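**Student:** Take a look at the following structure, please.
Derivation of every value follows stated rules applied to the coordinates shown; laboratory data play no part. Computed from a predicted model, the values in this text were never measured in an experiment.
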Amino acid sequence: MEERVLQSIEIARQAVEAASDKQADNIVMLDTRQVCSFADYFVICSGESNRQIEAVWQEIREKLKREGVAASHIEGAADSGWILLDLGAVIVHIFSPSQRDYYKLDDLWNTATPVIRIQ
């Protein structure tokens, strides 16, 4: 049986789906290929509590692990209000609302093409 390798857009969509499954807020998937040299897609979302932030990142990690995709690096922690998952060509940011407002990644990468936006 041939192993199927997920494309970066599929990885990003799986991350969006997992975040949505855990009721993350304001989920955005950006196509950064034209404006960024280190990632094809960013997925940015928010969790209302440390517990929800933890649940969102665990769901994304587990869903992608089942597909054979592992994070090469994880930064931050739920109690800091920010977790980053480096999935190679896809970077996932999970923020508390206050940290998201502080870092303003949506504004910083506003020249990237929005692919998905779930309010």
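**Student:** Could you work out the Rg to Rh ratio of the chain, with Rh taken as the Kirkwood radius (inverse of the mean 1/r over all Cα pairs)?
**Tutor:** Values: Rg = 13.3 Å, Rh = 14.0 Å.
My calculation of the ratio gives 0.95.
**Student:** A further question follows. Which of 47, 68, 81 moves most in a GNM of the chain, Cα contacts under 10 Å?
**Tutor:** Checking each option, the largest mean-square fluctuation is seen for 68.
**Student:** Highest GNM mean-square fluctuation, the chain, Cα pairs closer than 10 Å: which of 57, 82, 109?
**Tutor:** 109
**Student:** When the chain is modelled as a GNM with alpha-carbon springs shorter than 10 Å, which of 100, 51, 13 fluctuates the most?
**Tutor:** The residue with the greatest mean-square fluctuation here is 51.
**Student:** Could I ask something else about it? Provide the per-residue ³J(HN,Hα) series for segment 21-32, in order, calculated from phi with Karplus coefficients 6.51, -1.76, 1.60 and θ = phi - 60°, each as a whole number of Hz, with x at glycine and proline positions.
**Tutor:** Taking θ as phi minus 60°, the curve returns 4, 9, 6, 4, 9, 6, 7, 10, 10, 10, 8, 9 Hz for segment 21-32.
**Student:** Measure out, as a whole number of angstrom, how far apart the alpha-carbon centroids of segment 74-113 and segment 49-73 sit.
**Tutor:** 14
**Student:** Would you list which lysines come within 23 Å of residue 104, measuring only between C-alpha atoms, while excluding same-chain residues fewer than 8 positions from it?
**Tutor:** 22
**Student:** Hey, another quick one. How large is ³J(HN,Hα) for each residue in segment 41-57, as worked out from phi by the Karplus curve 6.51 cos²θ - 1.76 cosθ + 1.60 (θ = phi - 60°), to whole Hz, x for Gly and Pro?
**Tutor:** 9, 10, 10, 10, 8, 10, x, 6, 9, 4, 4, 5, 4, 4, 5, 5, 5
**Student:** A further question on this structure: For segment 67-82, just list the computed ³J(HN,Hα) in residue order, Karplus coefficients 6.51, -1.76 and 1.60, θ = phi - 60°, integers in Hz, with x standing in for Gly and Pro.
**Tutor:** Once rounded to whole Hz, the list reads 8, x, 10, 10, 5, 7, 7, 10, 10, x, 7, 4, 6, 8, x, 7.
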